[in-house]
Amino acid sequence: MTYYEGVKKMEEMGVNDNYIQGWVAGFLNNPEIEEQRKTDEYEAGYEDGGEHSDENFANFC
């Protein structure tokens, strides 16, 4: 899966914005955001993005 395919698919599905932000950061291997701004959705997205996975997109619609 490429970055653009993943983002497009999430936007079309209506995935939670925090999950998308986490997925993008994880995919690009960016550092995580500060602790007080993290959400469960962001953390799940960060993990999935780091693995370049789209398996959990539907769980965050």
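Throughout, read-outs are computed from the coordinates displayed, never taken from laboratory work. Quick caveat, the model's predicted, so the values are computed rather than measured. Counting neighbours? That spans all protein chains shown, and the Cβs are built from the backbone with ideal geometry, glycine included.
Miscellaneous remarks
- Rg and Dmax, both from the Cα atoms of the chain and both in Å, are 10.2, 30.
- Exposure proxy ranking, count of Cβ atoms within 10 Å, fewest first, for THR2, THR39: THR2, THR39
- Estimated inter-spin distance, SER53 and ARG37, nm [label 7 Å along Cα→Cβ]: 2.5 nm
- Against the chain, whose longest principal axis comes from its Cα atoms, helix 3-13 is set at around 80 degrees.
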